[in-house]
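Here is the structure we will look at.
The values are calculated or read from the model by the stated rules, or taken from the named source; none is laboratory data. Keep in mind that what you see is a predicted model, and the values were worked out from it rather than measured. Cβ placement follows ideal geometry from the backbone for every residue including glycine, while neighbour counts extend to all protein chains displayed.
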Ligand code: NDP
């Protein structure tokens, strides 16, 4: 703590990993002798830079840009860029740290990193977004590259922003390379990348439910957020025969007791991705309730898939979920559940998966996008989807392998932390004191 003051989210993420890893390290002294965990919590490199740009009124605006290059033991740094007013070093270090474990779990050769800016995209024109993205890449280009560091999207960064950044990188370097993932299909993107995180979360939840002889068919699902992850989580839930009753954004949540159907989901996608509107408009359009400033966790559901942001599900929310009979929580967002909430889930012995396991599908398909770029080929939707399905199955298997407790309860958090740690730690051991 003394070393990382004012970094509560980073300390929270490290603490969560340390609690489950330390007993494992004590049984495997080779890792402690080489001080692997102490090295892993120190980023290999942190870049912070000025991002000046001109708004539509021709006024100068200044934001701060970041890239945290956390760990490159098993491959180039890989992880998204987040544009949100709340972005700071603590949040990006926590995300980069989690990313190291997540990327390792996918089985693909990717190190961990994360970056972004405190730029707030809300209400910005398309031209302002482009100018910001170009200025951001005008510095970032020095630090990234297809074999060095390959950023992707995250909150506030979707296909549009990736496009503007890719264009600027190409212009500066004069090279068309796979420096970013989440690209458009016609210029190097992978099939299924937009869907990957959401679909992967649902595949993972299906594997979790299967351990108790259950399926998603007929289950009621509560989802938070209404962005990229939430939208495709809904899509896949519908394909699996579940009923999704909530979505949210930072203003509040909608409750649709009938269930969000394919047509209503199409409306959400247009509302959020084209019109850049608010989820409240869903309630107005379809005549259901909007709960201003609230989160959806007190709605009765069988399965909860938090897909908005960190610390969006606290102890009281967790208690409400358990009391209402929720049997499975799989995280689409990164660290959405507070430590106290996780404790409630594991005490109640309900199925609970941390984001680093359940939301790894996004980065996994980004890894497949990198492979396709290097090979200069593109795989079909079916091919990518079946690889994604297999990767989520394998991650689930690792969680079961390392997380099953004496009474048979699967501690996915422990399983994901140990399963992700071993590969990175062994690579660090092999590469010496670096
Ligand atoms: P988007 O920007 O597409 O959507 C984010 C959604 O979450 C929006 O509905 C947004 O509402 C809401 N949200 C953001 N911050 C808050 C907040 N503080 N309180 C309440 N709601 C909030 O981002 P993604 O869907 O890509 O990302 C969602 C989560 O999933 C993040 O935790 C991200 O790190 C994680 N993730 C994303 C992956 C990806 O492939 N995109 C991969 C793995 C994890 P509003 O519009 O009001 O801001």
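Report every pair of residues separated by at least 6 positions or lying on different chains whose Cβ atoms are under 6 Å apart, first residue within the stretch 245-263 and outside the structural domain of residue 332 (by TED's automatic domain parsing) and closer than 13 Å to residue 312 by Cβ, second more than 9 Å from the ligand (Cβ to nearest atom) and not in a loop (DSSP other than H, G, I, E, B).
Sorted first by the residue in the stretch 245-263, then by its partner, the list stays empty.
In this structure, is residue 114 within 14 Å of the ligand (Cβ to nearest atom) and either farther than 20 Å from residue 373 by Cβ or buried (at least 17 other Cβ atoms within 10 Å of the Cβ) (or both)?
Details: within 14 Å of the ligand (Cβ to nearest atom): yes; either farther than 20 Å from residue 373 by Cβ or buried (at least 17 other Cβ atoms within 10 Å of the Cβ) (or both): yes.
Yes: the conditions hold for residue 114.
Quick one: in the stretch 233-248, which of the residues that are in contact with a strand residue (DSSP E or B) (Cβ under 9 Å, 6 or more places away or on another chain), within 14 Å of the ligand (Cβ to nearest atom) and in a helix (DSSP H, G or I) is farthest from residue 331 (Cα to Cα)? First the steps, then the outcome.
To start, the set of residues in the stretch 233-248 that are in contact with a strand residue (DSSP E or B) (Cβ under 9 Å, 6 or more places away or on another chain) comprises 233-234, 237-238, 242-248.
Checking which are within 14 Å of the ligand (Cβ to nearest atom) leaves us with 233-234, 246-248.
Now drop any that are not in a helix (DSSP H, G or I), which leaves 233-234.
On the way: 233: 11, 234: 13 Å.
Looking at the filtered set, the residue picked out is 234.
Among residues belonging to the stretch 345-357 that are outside any strand (DSSP E or B) and touching a strand residue (DSSP E or B) at 6+ places or on another chain (Cβ under 9 Å), point out the one that is nearest to residue 308 (Cα to Cα). Walk me through it before giving the result.
So in the stretch 345-357, the residues outside any strand (DSSP E or B) come out as 345-350, 354-357.
When the remaining residues are screened for being touching a strand residue (DSSP E or B) at 6+ places or on another chain (Cβ under 9 Å), the result is 345-346, 350, 354-355, 357.
On the way: 345: 19, 346: 22, 350: 21, 354: 14, 355: 11, 357: 16 Å.
Only one residue tops the list, namely 355.
Given the criterion modelled with pLDDT of 95 or more and within 18 Å of the chain's Cα centre (by Cα), identify the matching residue among 158, 167. Give the derivation first.
On the way: 167 fails: within 18 Å of the chain's Cα centre (by Cα).
Going through 158, 167 in turn, the sole match is 158.
Spot the failing condition for residue 143; the list is (1) within 30 Å of residue 327 (Cα to Cα); (2) away from the ligand (no atom under 16 Å from the Cβ), and only one is missed.
Unmet for residue 143, out of (1) within 30 Å of residue 327 (Cα to Cα); (2) away from the ligand (no atom under 16 Å from the Cβ): (1).
Could you please give the count of residues in the stretch 282-308 that are within 22 Å of the chain's Cα centre (by Cα) and closer than 18 Å to residue 205 by Cβ?
8
Condition (residue is more than 10 Å from the ligand (Cβ to nearest atom), touching a helix residue (DSSP H, G or I) at 6+ places or on another chain (Cβ under 7 Å) and not in a helix (DSSP H, G or I)) applied to the stretch 89-106: is it met by at least one residue?
yes
Anything in the stretch 23-46 that is out of contact with any helix residue (DSSP H, G or I) (no Cβ under 8 Å at 6 or more places or on another chain) and in contact (Cβ under 8 Å) with a residue 12 or more places away in the chain? List them, or say none. Give the steps one after another, and end with the answer.
Residues of the stretch 23-46 that are out of contact with any helix residue (DSSP H, G or I) (no Cβ under 8 Å at 6 or more places or on another chain), as a first pass: 23, 27-29, 33, 35, 38, 42, 44-45.
Answer for the stretch 23-46, where residues must be out of contact with any helix residue (DSSP H, G or I) (no Cβ under 8 Å at 6 or more places or on another chain) and in contact (Cβ under 8 Å) with a residue 12 or more places away in the chain: 44, 45.
Would you be able to tell me the number of residues in the stretch 309-330 that are out of contact with any helix residue (DSSP H, G or I) (no Cβ under 7 Å at 6 or more places or on another chain) and within 13 Å of the ligand (Cβ to nearest atom)? It would help to see each step written out before you state the result.
Initially, the stretch 309-330 is screened for residues out of contact with any helix residue (DSSP H, G or I) (no Cβ under 7 Å at 6 or more places or on another chain), giving 309, 311-312, 316, 323-327.
Those left that are additionally within 13 Å of the ligand (Cβ to nearest atom): 309, 311-312.
Adding up the residues that qualify gives 3.
Given the criteria crowded, with 23+ Cβ neighbours inside 10 Å, modelled with pLDDT of 95 or more and more than 16 Å from the ligand (Cβ to nearest atom), does residue 179 qualify? Before the answer, list the steps.
Details: crowded, with 23+ Cβ neighbours inside 10 Å: yes; modelled with pLDDT of 95 or more: yes; more than 16 Å from the ligand (Cβ to nearest atom): yes.
Yes; evaluated as a whole, the condition is true for this residue.
Go through the stretch 127-142 residue by residue and tally those that are in contact (Cβ under 8 Å) with a residue 24 or more places away in the chain and either farther than 18 Å from residue 58 by Cα or touching a helix residue (DSSP H, G or I) at 6+ places or on another chain (Cβ under 8 Å) (or both). Steps first, answer last, please.
Step one: list which residues in the stretch 127-142 are in contact (Cβ under 8 Å) with a residue 24 or more places away in the chain, which gives 127-141.
Filter once more, so that each one left must be either farther than 18 Å from residue 58 by Cα or touching a helix residue (DSSP H, G or I) at 6+ places or on another chain (Cβ under 8 Å) (or both): 129-130, 133-134, 136-141.
Summing the residues that are in contact (Cβ under 8 Å) with a residue 24 or more places away in the chain and either farther than 18 Å from residue 58 by Cα or touching a helix residue (DSSP H, G or I) at 6+ places or on another chain (Cβ under 8 Å) (or both) in the stretch 127-142 gives 10.
Out of all the residues in the stretch 381-401, which are in contact (Cβ under 8 Å) with a residue 60 or more places away in the chain, surrounded by fewer than 21 Cβ atoms within 10 Å (Cβ to Cβ) and more than 16 Å from residue 199 (Cα to Cα)?
400, the sole residue that qualifies.
Any residue in the stretch 295-306 that is in contact with a helix residue (DSSP H, G or I) (Cβ under 7 Å, 6 or more places away or on another chain) and over 15 Å from residue 221 (Cα atoms)? So that I can check it myself, show each step before the final result.
In the first step, residues of the stretch 295-306 are kept if they are in contact with a helix residue (DSSP H, G or I) (Cβ under 7 Å, 6 or more places away or on another chain); the result is 295, 297-298, 303-305.
Filter again for over 15 Å from residue 221 (Cα atoms), leaving none.
Among the residues of the stretch 295-306, not one is in contact with a helix residue (DSSP H, G or I) (Cβ under 7 Å, 6 or more places away or on another chain) and over 15 Å from residue 221 (Cα atoms), which makes the answer no.
Can you name every one of the helices (runs of 4 or more DSSP H) wholly within the stretch 6-74 that holds 3 or more residues which are within 27 Å of the chain's Cα centre (by Cα)? Reasoning before the result, please.
Numbers: elements: 8-27, 29-33, 36-40.
Filter on the stretch 6-74 gives 8-27, 36-40.
Can you tell me which residue within the stretch 193-223, out of those that are within 16 Å of residue 261 (Cα to Cα) and within 15 Å of the ligand (Cβ to nearest atom), is surrounded by the fewest Cβ atoms within 10 Å (Cβ to Cβ)?
Of all residues in the stretch 193-223, those within 16 Å of residue 261 (Cα to Cα) come to 216-223.
With the extra rule that they be within 15 Å of the ligand (Cβ to nearest atom), the set shrinks to 222-223.
Working: 222: 27, 223: 29.
Per the criteria, the residue is 222.
Out of everything in the stretch 151-168 that is in contact with a helix residue (DSSP H, G or I) (Cβ under 6 Å, 6 or more places away or on another chain) and under 21 Å from residue 45 (Cα atoms), what residue ends up being surrounded by the fewest Cβ atoms within 10 Å (Cβ to Cβ)?
152
May I ask you to say which residue of 364, 427 is outside the structural domain of residue 216 (by TED's automatic domain parsing) and either crowded, with 20+ Cβ neighbours inside 10 Å or touching a strand residue (DSSP E or B) at 6+ places or on another chain (Cβ under 7 Å) (or both)? Quick ask: steps written out before the conclusion?
On the way: 427 fails: either crowded, with 20+ Cβ neighbours inside 10 Å or touching a strand residue (DSSP E or B) at 6+ places or on another chain (Cβ under 7 Å) (or both).
Sole residue among the options that is outside the structural domain of residue 216 (by TED's automatic domain parsing) and either crowded, with 20+ Cβ neighbours inside 10 Å or touching a strand residue (DSSP E or B) at 6+ places or on another chain (Cβ under 7 Å) (or both): 364.
Regarding residue 85, is this residue touching a residue at least 12 places away in the same chain (Cβ under 8 Å), within 16 Å of the ligand (Cβ to nearest atom), buried (at least 24 other Cβ atoms within 10 Å of the Cβ) and more than 30 Å from residue 419 (Cα to Cα)? Explain how you work it out, then say what you get.
Values: touching a residue at least 12 places away in the same chain (Cβ under 8 Å): yes; within 16 Å of the ligand (Cβ to nearest atom): yes; buried (at least 24 other Cβ atoms within 10 Å of the Cβ): no; more than 30 Å from residue 419 (Cα to Cα): yes.
Taking the combined requirement at face value, the residue does not satisfy it.
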